1. How long are the three semi-axes of the equivalent ellipsoid of the stretch B:94-208, in whole Å, if each is the root of 5 times an eigenvalue of the C-alpha gyration tensor, listed from largest down?
2. Tell me the angle of helix A:274-298 to the major Cα principal axis of chain A, expressed in degrees between 0 and 90 and rounded to the nearest ten.
3. When the Kirkwood hydrodynamic radius is evaluated over all pairs of different C-alpha atoms of the stretch B:342-465, what value in angstrom, to one decimal, is obtained?
4. List, in order, the whole-Hz ³J(HN,Hα) value for each residue of the stretch B:231-237 obtained from phi through the Karplus relation with A = 6.51, B = -1.76, C = 1.60 and θ = phi - 60°; use x for Gly and Pro.
5. Given an 8 Å cut-off on Cα distances and at least 6 residues of separation, report the relative contact order of the stretch B:65-155 as a percent.
6. Take peptide A:293-301, look around each residue's Cβ out to 10 angstrom, count Cβ atoms belonging to other protein chains, and average those counts.
7. Between the stretch A:72-135 and the stretch B:403-417, what is the separation of their alpha carbon centroids in Å?
8. Can you list residues from other chains, or at least 5 along the same chain, whose modelled amide H is less than 5 Å from the amide H of A:Phe113?
Amino acid sequence: MGLFILRRLGVMILTALCLTFIVFWLTNLGPNLEKLAKTQGNARMSDEAVVSWLENRGYSQPLPVKYGQWLGVLPGYVIEGTDRETRARCATPGQPIEEASSFCGILQGDWGFSTVFKDEVSSIVATRLGLTGKLMLAVMLVMVPGALIIGVLAGMREGSRTDRSLSTVSIITTATPEYVSGVILIAALATKAFIEWDTIPFKGTATAAMDDANFENFFLPVITIALYGMGYIARMTRASMTEVMTAQYIRTARLKGVSFPKIVLKHALRNALIAPFTVIMLQFPWLLNGVVIVETLFNYKGFGWVLVQAAGNNDIELLLGVSIVSVFVVLITQLISDIGYVFLNPRIRIS
Amino acid sequence: MEPLTWTGAVGAFLNPIFAIIVGLFVIALIVQLVLGLFAPAMTLQANPDGTLAGRGGALGATETAGKYLFLAVIALILVYVIAPLILPYGMVGIIGEMSQRFLPVWIALIVTFTLSIIYRRKLGLYGKLFDSTVGMIGFGIVMFWVFTAVFVGLFDWIATHDYLTQVSGLKNKTPGVPVPEGTVGDIPHYLLGGDNLARDIFSRVVSGSTFVIAIAPLATIFAFMVGITLGLPAGYYGGLLDTVLSFLANLILAFPVILLFYLLVTPEIVQTGIPSYMAAFLFVFPLVFFGVLLNSRYYTQPAKRTAILVPVLGILGWLYLSIINQKGTVIDFLPAWMDLFDITILVVFVSVVFVNAPTVFRIVRGLTLDLRTRDYVAAAQTRGEGAWYIMLWEILPNARGPLIVDFCLRIGYTTILLGTLGFFGLGLSSESPDWGSTINEGRKLLLIFVHPALPPAVALLSLVLGLNLLADGLREESLKD
């Protein structure tokens with residue numbers, strides 16, 4: 001078990017390094033840097049001015065060196081620029097070059113500075129992650145129990161009318177991406193287009209929910225994300241439930257005369273929930289997509305919204321920070337799902 | 001001109017009946033659901049004289065009621081669809097006129113279904129689809145959009161106005177608004193209203209279908225070619241090749257899709273030429289696939305092999321060069337007369353293929369791992385068949401069931417991805433009528449004007465739902481074998 005976790009951890013770190021390198025490479029391509037120089041310096045810069053601007057700020061170093069500095073395993077650059085000013089990667093504004101530390105990268109906790117929000121990347125990411133965490137928590141609280149109940153109800157009597165209706169419902173929810181269900185839900189529940197509400201029950205924006213989330217302004221974004229993931233988890237739960245219900249020990253229990261509800265609750269449920277656990281954990285990357293769409297649609301300024309802002313405004317350092325966090329969220333959930341699966345499934349654990 | 005109402009003069013007396021019947025149907029459905037949880041399932045009881053009788057009870061009664069109510073609902077919907085064909089313009093309102101516009105689609109659907117149902121025993125898996133209700137409904141919805149896309153794209157039939165023309169005074173006007181005198185168009189109304197730039201929403205939505213129907217299946221086919229060509233050897237040989245390829249696939253899968261899109265689909269990245277190189281890499285796989293497929297089959301008959309391989313590879317190679325060769329990008333070497341077409345949204349196409357390929361790879365690899373231990377593979381190995389022959393002509397045909405099902409699901413997923421790209425305004429021009437961009441345009445004023453955003457949303461939902469139902473029907477039928 002220990003060796004298994006160690007190996008998974010090794011692969012995870014390797015994957016993280018590769019992924020961050022790819023993101024770093026893509027964000028540091030020539031045209032992106034040129035755009036950065038023009039937005040930070042002067043929009044009418046000549047080509048030579050752009051080159052010297054980039055050279056003075058260490059952007060013209062070879063890619064692996066830049067990546068190493070950004071990661072914090074190579075010492076940060078100290079460059080005497082063409083304009084006779086010496087700049088160091090690690091010097092904060094106003095700090096003399098000599099006092100600056102030699103290493104400053106992600107590993108040292110220095111995430112850089114956002115050009116859009118004019119703030120430290122780490123603090124932006126932290127606050128926005130908090131807001132998105134709130135959203136995700138609410139989504140999980142709605143989605144997981146809902147999906148498991150639907151899946152178990154559908155799977156306990158395969159082929160019955162309940163099964164067919166619930167399966168159709170889960171197919172419909174998986175076929176509705178967030179930007180479709182969000183639009184339909186807002187139109188139906190947050191405007192008077194279909195139903196002549198006396199008072200409109202829900203708000204079509206969730207901006208207010210950032211400080212004070214209540215049922216009125218938080219319900220629609222949460223249900224929009226939850227619906228899309230719900231169908232998929234429900235289908236997996238149903239598949240695993242039907243498989244368990246045909247197992248030998250369930251037949252034995254039935255022949256013994258155990259009542260049906262008792263069979264479902266005591267014998268089937270625990271075994272049927274192993275597979276959905278992995279699926280739920282692997283849903284996190286998908287939820288991340290949903291979060292970006294829903295936060296844009298409902299104007300909830302969380303992590304997904306920051307991703308859109310950073311990518312849309314060529315905010316390189318912020319985009320890198322956001323990418324790291326999302327890549328790590330994905331990888332850690334994969335790790336947990338692997339370990340959890342082994343841990344929950346006695347057949348694998350013992351062998 | 002008077003504005004159109006939703007159902008016009010006919011609706012005035014048809015609507016109440018429709019509402020009552022739909023209400024009853026919904027009640028019957030809910031009662032059935034609730035009863036289904038508690039009441040015992042309907043069973044068959046053998047009578048002493050050897051006949052069987054259904055022992056339904058209350059559940060059986062609601063089931064019968066539900067069935068007849070459902071038929072009544074269908075019949076009424078048919079009235080709404082057929083009546084406008086006979087009655088003069090505008091009598092059945094917006095619904096009627098839309099149905100009238102879709103007339104070629106209805107005819108094509110009826111012909112397809114009649115022919116398919118008559119010859120369904122001779123049509124293999126496709127014919128079996130018509131044994132499953134779910135599959136038929138799914139197939140019907142999908143074909144509806146396919147025919148719409150074909151008729152709009154090739155003959156310019158269904159759309160009522162030009163999807164780019166702005167008519168002054170119709171900005172954000174509600175459905176059924178009359179257009180000013182002298183406006184170019186087939187009918188004097190905007191059936192689904194005008195959007196925020198005063199363009200006809202109905203025409204935009206039907207024109208948007210051509211984009212999805214053209215790109216989504218094609219991108220999925222390319223993703224399958226890549227996934228199959230890499231997944232088969234990974235599963236068959238295993239070892240280092242498998243480890244490396246699986247690692248790369250997991251690497252791409254660990255990227256949140258939207259982040260990947262934001263990194264890949266930007267004008268700056270297009271400028272560097274990365275999408276062109278990716279296209280050159282990804283689109284070579286169909287060539288490899290067909291080359292190896294035919295070569296391994298006719299390896300023992302060199303004359304026949306050359307006769308088949310040369311024209312196939314020649315045509316595919318030409319198509320390949322025309323696709324990757326684009327004016328103004330890094331890959332631009334073909335003379336103009338050889339370049340068949342220019343895809344302006346190559347970057348969208350490439351990124352969608354890129355995102356889908358690793359998942360296909362994983363599925364194919366898993367299936368291969370399972371199938372390579374079968375007896376027929378061992379038999380082929382004993383016969384001395386080559387590895388690629390076994391992979392492509394022994395393993396792949398036997399993996400077709402799950403792959404066909406996944407193909408349908410994946411087209412739906414690709415449709416969602418294309419919509420996502422449009423929703424974030426990535427890679428597509430803002431005038432493009434595709435559904436994602438139209439939803440994005442509409443959502444900005446969603447709290448004030450609902451009508452611009454809803455039709456594309458419903459269209460996208462119905463297409464993806466149709467594909468999912470189709471996949472479900474196919475899975476059900478292929479499991480019966």
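1. Numbers: eigenvalues 253, 29, 25 Å².
Equivalent ellipsoid of the stretch B:94-208: 36, 12, 11 Å, largest first.
2. On a 0 to 90 degree scale, this one is about 50.
3. Numbers: mean 1/r = 0.0575 Å⁻¹.
Taking every pair of different Cα atoms in the stretch B:342-465, averaging 1/r and inverting gives 17.4 Å.
4. x, 4, x, 4, x, 6, 7
5. Numbers: 48 pairs, mean separation 18.0, N = 91.
Result for the stretch B:65-155 is 20 percent.
6. Values: counts 5, 0, 0, 5, 5, 0, 0, 0, 0.
Whole-number average of other-chain Cβ neighbours for A:293-301 is 2.
7. Result: 43 Å between the Cα centres.
8. Amide H to amide H, under 5 Å and 5 or more residues apart or across chains, A:Phe113 pairs with A:Val121.
Each reported figure results from applying straightforward, stated rules to the coordinates on display, with no laboratory input. Predicted model only: the values in this text are computed from it and were never measured. With ideal geometry, Cβ positions are generated from the backbone for all residues, glycine too; neighbour counts draw on all protein chains shown.
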